[in-house]
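See below for the structure under consideration.
The values are calculated or read from the model by the stated rules, or taken from the named source; none is laboratory data. For clarity, every value in this text was computed on a predicted model and none was experimentally measured. Ideal geometry is used to build each Cβ from the backbone, glycine not excepted, and the neighbour counts take in all protein chains shown.
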Amino acid sequence: MGMSRLRIAFLAVVVLSTSALAALDKKQQGQLKRANNFIDTIQKTLDGYTSDGRQLNERTSGELQKRYERVAGDLAALPADEPEVKEAAAHLAGLKANLDKAVGALAATTQAAADEKGAIIALVTGPDAARDLATLRADAELFSESNLYALDSYLWRRWPTHSDVQAMKSAVGSWSKTQAEYQALESKYRAAAGYRGMLGGEASRSHTDLNLALRDCQDRYQPFADAVANIAAHAPEELEKEAAALKSAADTAVAKKDHTAFTANEGAIEAMRYRIANLAAVYSALGKGDADKVLARAKQVEDELVSKMEALAEVIVQTNTDPADRYAGNDRADLERFVRATWAKPFPKDQVLGVRFTEGAFARRTSLDWDQSATAWVKHDASSLPLWVVVKDGNDRAILWHATLRRLHLKGDQLELEWATRGSRGAAPNQRLLLANVRK
């Protein structure tokens, strides 16, 4: 009797222990297995994006959410109280939390990208964009000329009123302002320049233009900054070296009675004279404390040279020739009439014998310069043509006065004449010649 009760109890335990497994039929067991596989696959996909740093995109996010919904539907069709179903449901809940986190991060990233794109579009199509682009392009053009600003550049040997020399003086004088504004623009557009997304329409064109201009500036800025810094640091000592060389050359010429050394066009002495004058003028534009001292030193060197030339003055005057006239434009006669009429206003007593244009064509130059008095950037666009005005001096002599004719393109090609101030000592010997040597 006891054994029968024990047997019955054992059978009851076996039945109860297998009833949970038997509660899911074969079809349901297949559904549960498939659901668990989907949960594992979805989780592995999410883990893959997390582990390798890839960003979940909207397409993948949508596919994963559809898979999740299918799994949730499959589990909902199974007996919720079954242990295996409960375990799968717990896994699914964990997956849902991970998926929601990933989708939330995607939404935040998508919004951030949209915000970034919107900010860049607003920046590159804003009211300042066109002006900023023009400034960056002007800066890039200026920075590309760093070789010309080097202290060994040929530009320092040009006539002091030459347009390129005047442009260098202006650029150096406004350098601190140019530098500050460029650095502000570089900071303003740096992030936008690195943007690689599609903007579309006018924004894309503006972004490309600004990016190219900024890249040109970034590539060229440092050499130009170094060139200006070199001028600030070494121009006075370069002037002294040139002064010593000029003194030696002048002394040698006087000792050998070589008057041609003083009169040779583009000769060594002429080049050194111009270099000294230009070093002083450009250096003074920096506004350093010793600017007046350097200018005075350059004038002293020039006065000393003229004094040496006086030793050979007569022979220099006797052998000087009328400069060649190289301009052959159809408007030459009109240009000469303008020069004569303009010259007569400040120098009414001068009897002008002729005008000699020393270049074959006008040289055009554009720039954006800081105007200290106007506290604003001013665009310049002008063409220049150097010349000599030949003026009668007494009964048998003539004097060559240098001037520069400018065509101002921003003022309807209006003409303007600029000339060097006459020193108290008058014209140097190499500017004087016999009246008989002046061409008719």
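Does L435 fit the bill of being surrounded by fewer than 18 Cβ atoms within 10 Å (Cβ to Cβ), within 30 Å of A250 (Cα to Cα) and either of a type in the set (G, A, S) or touching a residue at least 40 places away in the same chain (Cβ under 8 Å) (or both)?
On the way: surrounded by fewer than 18 Cβ atoms within 10 Å (Cβ to Cβ): yes; within 30 Å of A250 (Cα to Cα): yes; either of a type in the set (G, A, S) or touching a residue at least 40 places away in the same chain (Cβ under 8 Å) (or both): yes.
Yes.
Kindly indicate whether any position in the stretch 371-386 is under 22 Å from P160 (Cβ atoms), among the aromatic types (F, W, Y), assigned to a strand (DSSP E or B) and in contact with a strand residue (DSSP E or B) (Cβ under 8 Å, 6 or more places away or on another chain).
no
Would you be able to say whether some residue in the stretch 165-177 is in contact (Cβ under 8 Å) with a residue 24 or more places away in the chain, touching a Lys or Arg at 6+ places or on another chain (Cβ under 8 Å), within 30 Å of A280 (Cα to Cα) and part of a helix (DSSP H, G or I)?
Yes: the stretch 165-177 contains one or more residues that are in contact (Cβ under 8 Å) with a residue 24 or more places away in the chain, touching a Lys or Arg at 6+ places or on another chain (Cβ under 8 Å), within 30 Å of A280 (Cα to Cα) and part of a helix (DSSP H, G or I).
Exactly one of these conditions fails for G289: (1) under 33 Å from the mean Cα position of the chain (by Cα); (2) surrounded by 14 or more Cβ atoms within 10 Å (Cβ to Cβ). Give me its number.
Status for G289: all satisfied but (2).
If you check Q300, Q318, which single one turns out to be more than 30 Å from A171 (Cβ to Cβ), in a helix (DSSP H, G or I) and out of contact with any helix residue (DSSP H, G or I) (no Cβ under 6 Å at 6 or more places or on another chain)? Working first, answer last.
Details: Q300 fails: more than 30 Å from A171 (Cβ to Cβ).
Every option except Q318 fails the conditions.
Pairs under 6 Å by beta carbon, first residue closer than 20 Å to T45 by Cα in the stretch 98-120, partner at pLDDT below 70 and outside any helix (DSSP H, G or I), six or more apart or different chains?
Going by the 6 Å Cβ cut-off, the qualifying pairs are A102/L56; L106/L56.
List the residue pairs whose Cβ atoms are under 6 Å apart, where the first residue sits in the stretch 204-219 and is in the same structural domain as G194 (by TED's automatic domain parsing), the second is surrounded by 14 or more Cβ atoms within 10 Å (Cβ to Cβ) and β-branched (V, I, T), and the two are 6 or more positions apart or on different chains.
Within 6 Å, the pairs are S206/V124; S206/T125; H207/V124; L210/V124.
For the subset of the stretch 309-326 comprising residues that are touching a residue at least 60 places away in the same chain (Cβ under 8 Å) and surrounded by 16 or more Cβ atoms within 10 Å (Cβ to Cβ), which member is nearest to E266 (Cα to Cα)?
Selected residue: P323.
Which number in (1) in contact with a Ser or Thr (Cβ under 9 Å, 6 or more places away or on another chain); (2) farther than 24 Å from A285 by Cβ marks the one condition that D350 misses?
(1)
Tally time: how many residues in the stretch 252-279 are surrounded by 14 or more Cβ atoms within 10 Å (Cβ to Cβ), of a type in the set (G, A, S) and in a helix (DSSP H, G or I)?
Here the count works out to 5.
With the structure loaded, tell me whether A193 is small (G, A, S), modelled with pLDDT under 85, within 15 Å of the chain's Cα centre (by Cα) and farther than 30 Å from L246 by Cβ or whether it fails that test. Walk me through it before giving the result.
Details: small (G, A, S): yes; modelled with pLDDT under 85: yes; within 15 Å of the chain's Cα centre (by Cα): yes; farther than 30 Å from L246 by Cβ: yes.
Judged against the criteria, A193 is a match.
Which condition does N330 not pass, out of (1) surrounded by 17 or more Cβ atoms within 10 Å (Cβ to Cβ); (2) part of a loop (DSSP other than H, G, I, E, B); (3) not small (G, A, S), if it passes all the others?
Going through (1) surrounded by 17 or more Cβ atoms within 10 Å (Cβ to Cβ); (2) part of a loop (DSSP other than H, G, I, E, B); (3) not small (G, A, S) one by one, N330 breaks only (1).
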